[in-house]
Amino acid sequence: MYQTFIGLEVHIHLLTKTKVFCGCRSAFGDEPNTNICPVCMGYPGVMPALNIEAMRMGCLVARALNCRIPEKTWFERKQYFYPDMPKNYQISQFASPLGQEGYVEIEGGGIKKKVRIRECHLEEDAGKMIHTGTVSLLDYNRAGVSLLEIVTEPDMESGEEAELFVQQLRRAVRYLGVCDGNMEEGSLRADANVSLNTPGKGLGKKVEIKNLNSSRFIKLGLNYEIKRQTAALDAGKTIIQETRLWNENRDETASMRTKENAQDYRYFPEPDLPVFAPDAAFLQSVDDRLVELPLPRSKRLKKEYELNDEQADIICEEKAMADYYESAVKEACKLGLERKDAAARIANRLLSDVKHILSRDKIDLACIGGIKLTPARIAELTILVANGKTSNKNVKQILEAVFSEDKDPAVIVKERGLEQINDPAIIAAAVKNVWDAEAETVKAAMAAIESGNQKKIKSLSAYLVGKAIAETGGRASPEIAGQQVNELLRVK
């Protein structure tokens, strides 16, 4: 039995319009080598200039991770040669990163843990290498893009914990509006460090898994490494300190290079960038952009709106979705519904019919704030159903019309004749017509019931109610129709 230590280095692309030290456009998917200039290409004599928005976004993430922002922070040159780094050094932070000594709580799937954050540091990203056959191509559009690296302490113990950490971090940076979190595009990627040792003996030999671009691969890669290292230690072998890559086709890690000693990057202060000392105004601008993060918001919604775990988690997946939901509940309360009733009705509607339409039409939940079904409109529809003005049976039709015609639900109900019939006399006439028309069906069902098949009562009742509602063009109140059908069955 061994103790496992897992630490992550998560890299996120900040959503700045330009790169971190020059004015080149920062965008994914543009033609290769079109967003470059002498600064990000490292030409002799050029001068970098700090993008203050990148620093502000980095400090915002640091605040959200409960990090301390130092009185002074500065940049260093990290020396190394690689084809995707045209300067042969990277401007990064080492001695005084912008965020220090933080922590984050992770919770979900039976996991509840506090993970310490060692640091958050701002740096420039490298370019991208594309390997095709025996040729390697270089795209420098990404070189110089604002990159924030978040380094944890080795506090996690399983692939599942690391996966949860990255999932929560991804939601958090999307809530903050500093990163789109698109792991498949490289906007958020991670290196995972894992070591095993006898309990109480501290860290073992560290193995690093590089460039993991999905939370699932993080889980699979780490769990594979834990099993591989456990088997090696059981066999009396020594773990080699190395860097490995995850092979998603074979579901295993493969050795990339050994690292007997820590690499000496020969850091020294960047001579062309001054020390950055955040003043009160800058720190206030950071604090002004803080928002309620997904995990505490989910807990609050469960408590205030009495949602279950699944409802709260889905609603809080995107900030726009959570904002939409709370706005809709407030609108429904203004129209006369009690908050508990409004919260339950709108959550059910949002996570069923509305979510189905959004998924079908490929509308991202993050864009829900811009749909034609505004919070006021879903609140209005909720009130129409709650007050018996229309029935649940018509809701899908009404929703489709709101999306296609951009009209209020009440207008659609009136134009299409979807008002619910609540007059007992009209419904009684429809029930009688159905009862007479289905006399043989009723007779056969009653015979089965008398033979001991009591379940037949419920199915017969549902069948007759459905027929009665259809008799009125789908407008009869299901409650009233059900009462009348059940009364006839009781008498029968």
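Data table
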| read-out | value |
| --- | --- |
| Complete set of residues in region 111-148 that are without any contact (Cβ under 8 Å) to a residue 24 or more places away in the chain and assigned to a strand (DSSP E or B) | Lys112, Ile130, His131, Thr132, Val135 |
| Residue within region 189-201 that is under 15 Å from Glu252 (Cβ atoms) and assigned by TED's automatic domain parsing to the domain that holds Gly29 present | yes |
| Selection status of Gln263, polar (S, T, N, Q) and touching a residue at least 24 places away in the same chain (Cβ under 8 Å) | yes |
| Residue count for region 91-118, restricted to those that are under 19 Å from Glu310 (Cα atoms) and among the β-branched types (Val, Ile, Thr) | 2 |
| Criterion (assigned to a loop (DSSP other than H, G, I, E, B), at pLDDT 95 or above and in contact with a strand residue (DSSP E or B) (Cβ under 8 Å, 6 or more places away or on another chain)) met by exactly one of Val178, Val194 | Val178 |
| Hey, Leu188 within 16 Å of the chain's Cα centre (by Cα), modelled with pLDDT of 95 or more and either of a type in the set (Ser, Thr, Tyr) or crowded, with 22+ Cβ neighbours inside 10 Å (or both) or not | yes |
| Search result, residues across region 370-396 that are within 19 Å of Glu326 (Cα to Cα) and of a type in the set (S, T, N, Q) | Thr374, Thr382 |
| The lone exception for Val413 - which of (1) assigned to a helix (DSSP H, G or I); (2) under 32 Å from the mean Cα position of the chain (by Cα); (3) surrounded by 14 or more Cβ atoms within 10 Å (Cβ to Cβ); (4) touching a residue at least 24 places away in the same chain (Cβ under 8 Å) it fails | (2) |
| Test: residue in region 447-469 that is closer than 20 Å to Val354 by Cα, touching a Pro at 6+ places or on another chain (Cβ under 7 Å) and part of a helix (DSSP H, G or I) | no |
| Test: residue in region 159-169 that is out of contact with any His (no Cβ under 9 Å at 6 or more places or on another chain), surrounded by 21 or more Cβ atoms within 10 Å (Cβ to Cβ) and within 19 Å of Met57 (Cα to Cα) | yes |
| Any hit, region 210-229, residues being assigned by TED's automatic domain parsing to the domain that holds Phe21, over 22 Å from Val104 (Cα atoms) and of a type in the set (A, V, I, L, M, F, W, C) | yes |
| Residues that are touching a helix residue (DSSP H, G or I) at 6+ places or on another chain (Cβ under 8 Å) and aliphatic (A, V, I, L, M), drawn from region 28-46 | Ile36, Met41 |
| Region 41-72 - residue that is assigned to a loop (DSSP other than H, G, I, E, B) and among the small types (Gly, Ala, Ser) and, of those, modelled with the highest pLDDT | Ala49 |
| Checking Pro154 against (1) touching a Ser or Thr at 6+ places or on another chain (Cβ under 8 Å); (2) of a type outside the set (Lys, Arg); (3) closer than 30 Å to Phe5 by Cβ; (4) not in a loop (DSSP other than H, G, I, E, B), the condition it does not meet | (4) |
| Single residue of Ala347, Ala343, Ala322, Ala312 found to be assigned by TED's automatic domain parsing to the domain that holds Ile383, part of a helix (DSSP H, G or I), in contact with a Ser or Thr (Cβ under 8 Å, 6 or more places away or on another chain) and buried (at least 20 other Cβ atoms within 10 Å of the Cβ) | Ala312 |
| Residue that is surrounded by the fewest Cβ atoms within 10 Å (Cβ to Cβ), among those in region 103-155 that are within 22 Å of the chain's Cα centre (by Cα) and small (Gly, Ala, Ser) | Gly110 |
| Scope region 353-384; condition within 14 Å of Ile314 (Cβ to Cβ) and either β-branched (Val, Ile, Thr) or not assigned by TED's automatic domain parsing to the domain that holds Asp323 (or both); matching residues | Val354, Ile368 |
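The values are calculated or read from the model by the stated rules, or taken from the named source; none is laboratory data. As the structure is a computational prediction, the values presented were derived from the model and not from experiment. Glycine also receives a Cβ, built like all others from the backbone with ideal geometry; neighbour counts cover every protein chain displayed.
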